[in-house]
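Notes for the one structure printed next.
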Amino acid sequence: MEGFKKFILRGNVVDLAVGVVIGAAFNSVVMSFVKSFFTPIITFISGNGRLSTLYFSIGNTKIAYGDFINALISFLIVAVVIYFFVVLPMNKLQELSQSGKTIDPTTKHCPYCISEIPIKAIKCPACTSVLKESKK
């Protein structure tokens, strides 16, 4: 049970759970927006009272496409929002972090004892070896 507790409380699992809950809530908002805004516009253009009743017939078979149009519009809105508010900012952050200035090192390793010493050190404090002069 202890391993399961560690797994659940790990940051990635909690972040994923929060993302799923927020994504579901956002999807509900988008679906409501499409039903309240886009559906009336489409029904006004088509002249039909309800989008969900739109269909066409092939022989004796009715093919309803109104609900599919609602779902398609909802998907496109979610995809656009995710692209512009998640993907583009993340790409920009990655680009900035990769093209950023390199940070000058503040330490170096002693070639004799491999201990970490200040970059300007001339003598190693650990092994007292005399090092080559620092360029800085």
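No value in this document is a laboratory result; all are computed from the given coordinates. Since the model is a prediction, treat every value here as computed from it, not as a measurement. No Cβ is skipped: glycine too gets one built from the backbone with ideal geometry, and neighbour counts run over all protein chains shown.
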I'd like the orientation of helix 88-98 relative to the chain: the angle between its Cα long axis and the longest Cα principal axis, in ° from 0 to 90, rounded to 10. 10
Can you list residues whose amide H is under 5 Å from residue 108's amide H, if they're 5+ apart or on another chain and H is modeled 1.01 Å from N? 117, 119
Amide H neighbours of residue 129 at under 5 Å, excluding residues fewer than 5 places away on the same chain, with H built from the backbone geometry, are 124
Among [x] 31, 18, 12; [y] 64, 21, 12; [z] 30, 22, 15, the entry that matches semi-axes √(5λ) of the Cα gyration tensor in Å as calculated here: [y]
May I ask which residue of 93, 69, 1 lies farthest towards the positive end of the charge dipole of the chain, with charges of +1 (Lys, Arg) and -1 (Asp, Glu) on Cβ and the Cα centre as origin? 93
From phi via Karplus (6.51, -1.76, 1.60), per-residue ³J(HN,Hα) for the range 30-40 in Hz, x at Gly/Pro: 5, 4, 5, 4, 5, 5, 7, 10, 6, 4, x
Quote the charge dipole size of the chain about the Cα centre in Debye, to the nearest 20; the model charges only the Cβ of Lys and Arg (+1) and of Asp and Glu (-1). 460
If the chain between residue 64 and residue 91 were fully stretched, how many nm would it gain, using 0.36 nm times the residue separation less the Cα-Cα distance? 5.8 nm
